[in-house]
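The values are calculated or read from the model by the stated rules, or taken from the named source; none is laboratory data. This one's a predicted model, so the numbers in the text were calculated from it and none came from an experiment. Using ideal geometry, Cβ is built from the backbone for each residue, glycine included, and neighbour counts are taken over all protein chains shown.
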Amino acid sequence: MKEHVDIYRVRSCECSPDGTLRLPRLLDYFQETAADHARELGFDFPVVDEATGARGAWVLAQLRVRLDETPRWRDDVAVDTFPWGVRSLSANRDFVVGRAGGGAPFGVATSRWMLIDPVARKAVRVPAWIGEASFDREPVFGPGDPFSRLRWPADAPETPGERFRAADMHIDMNGHVNNVHYAEWMLESVPAGFAAAHRPVEMEIAFRSETLRGDFVVSRTLPGPAAPDGSPTFLHRVSDPAGRDHVLAATRWRAV
C-alpha cells in the first residue's frame, strides 16, 4: 500500500492579513486528503461492512495539530497522510504538512475518526478489514495516545461568548455541521486584539456532539496556563444554549 500526498497552493482567500494560512483552511486540506486516501484504500463514503451489512460515514472525533512554521500565500503545501491504530470503534490517521519542493515540514497532525450510521446517528464498529490498511510507520506524535482529556473548568466564569447559528453553508454530506466550522467559531471568540498580534500554532480539539441546521451555538474562550516555552494558550468550548458541549479544545499561540 502507498501513502497518499495531495498538494495545495495557498490562495489569498485562505490567508490572514499577515499573509499566513488560516488554521481552519489547513483543516480543509486534511479533510480532503483523508477522503482521497480513503477512496484509494477502498473505504470511502459510505463504508459498508460486508459481514453485517452495516453502513457508516466517517466523522472526526479528535484532532491535534502542531505547526513549527505556518504556510504562507502561494506556498505549495504537500499533505502526506497515513492510517494507523485501527480499533473496534475508531481509526487514527496522521498527517505531515510538508513543502512540495522539499525541506523541513511545516508541521504535523494526528486525528481519530469514528463511523456513524447515517440514519440512526449512532456509532458503528469499524469493519475488521479496514485494520489491514494500518501502515507500519511511527505516529507523528510518537507511541502512546496522542490526545489529552480536555475539560472545561467547572468554576469557569459564565460569559456571553460569541453566538452563531448553523446555516446551510455549514452542513456537510453527513447532514451536520462540518468539523472545520467549529474551529472557525472557536477562534472567533479569541479577543480581537490578541488574535491580530498572534497566530495559533498548536491545537487539540475533541468533538462531543453534532450540530444540525438551524441550531444555535455559543463559543467561549478562557486564557489557559502558559506553555512550557512561555507561549500563551487558550481553552475553548462550543456548546448549545443549554450548556451541552459540541466541542472542547485548547490552542497555543505565537506572536506574529
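Quick notes
- Within the range 9-22, at least one residue is crowded, with 20+ Cβ neighbours inside 10 Å, at pLDDT 95 or above and of a type outside the set (D, E, K, R).
- Of the residues Ser209, Ser239, Ser189, the single one that is buried (at least 18 other Cβ atoms within 10 Å of the Cβ) and under 30 Å from Ala120 (Cα atoms) is Ser239.
- Checked against (1) surrounded by 20 or more Cβ atoms within 10 Å (Cβ to Cβ); (2) assigned to a loop (DSSP other than H, G, I, E, B); (3) at pLDDT 95 or above, Pro105 meets all criteria but (1).
- In this structure, Pro139 does not satisfy being touching a Phe, Trp or Tyr at 6+ places or on another chain (Cβ under 8 Å), in the same structural domain as Arg64 (by TED's automatic domain parsing) and not β-branched (Val, Ile, Thr).
- The single condition among (1) under 21 Å from Ala91 (Cα atoms); (2) among the β-branched types (Val, Ile, Thr); (3) outside any loop (DSSP other than H, G, I, E, B) that Thr52 does not satisfy is (3).
- Test: residue in the range 172-189 that is over 22 Å from Leu67 (Cα atoms) and in contact with a Gly (Cβ under 7 Å, 6 or more places away or on another chain): no
- Within the set Gly56, Gly42, the sole residue that is surrounded by 15 or more Cβ atoms within 10 Å (Cβ to Cβ), more than 18 Å from the chain's Cα centre (by Cα), modelled with pLDDT under 90 and not assigned by TED's automatic domain parsing to the domain that holds Ala183 turns out to be Gly56.
- Leu187 vs. criteria farther than 20 Å from Asp155 by Cβ and assigned to a loop (DSSP other than H, G, I, E, B): no
Yes/no per residue for (1) in the same structural domain as Thr110 (by TED's automatic domain parsing); (2) touching a residue at least 40 places away in the same chain (Cβ under 8 Å); (3) of a type in the set (A, V, I, L, M):
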| site | (1), (2), (3) |
| --- | --- |
| Trp185 | no, yes, no |
| Gly193 | no, no, no |
| Arg199 | no, yes, no |
| Glu202 | no, yes, no |
| Arg213 | no, yes, no |
| Phe216 | no, yes, no |
| Leu222 | no, yes, yes |
| Ala226 | no, no, yes |
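- Each residue in the range 190-214 was checked for being in a helix (DSSP H, G or I) and touching a helix residue (DSSP H, G or I) at 6+ places or on another chain (Cβ under 8 Å), and 1 pass.
- The set of residues in the range 23-39 being of a type in the set (Lys, Arg) and surrounded by fewer than 19 Cβ atoms within 10 Å (Cβ to Cβ) consists of Arg39 alone.
- Residue match in the range 124-137 (condition: among the β-branched types (Val, Ile, Thr), farther than 30 Å from Gly224 by Cβ, in contact with a Ser or Thr (Cβ under 8 Å, 6 or more places away or on another chain) and crowded, with 19+ Cβ neighbours inside 10 Å): yes
- Pair list, Cβ under 7 Å, 6 or more apart: the range 1-24 residue on the phi < 0 side of the Ramachandran plot and among the small types (Gly, Ala, Ser), other residue crowded, with 18+ Cβ neighbours inside 10 Å and outside any loop (DSSP other than H, G, I, E, B): Ser16/Arg199
- Residue list for the range 224-255, filter: farther than 29 Å from Asp172 by Cα and out of contact with any strand residue (DSSP E or B) (no Cβ under 6 Å at 6 or more places or on another chain): Pro225, Ala226, Pro228, Asp229, Gly230
- Selection status of Phe95, part of a strand (DSSP E or B), surrounded by 11 or more Cβ atoms within 10 Å (Cβ to Cβ) and in contact (Cβ under 8 Å) with a residue 24 or more places away in the chain: yes
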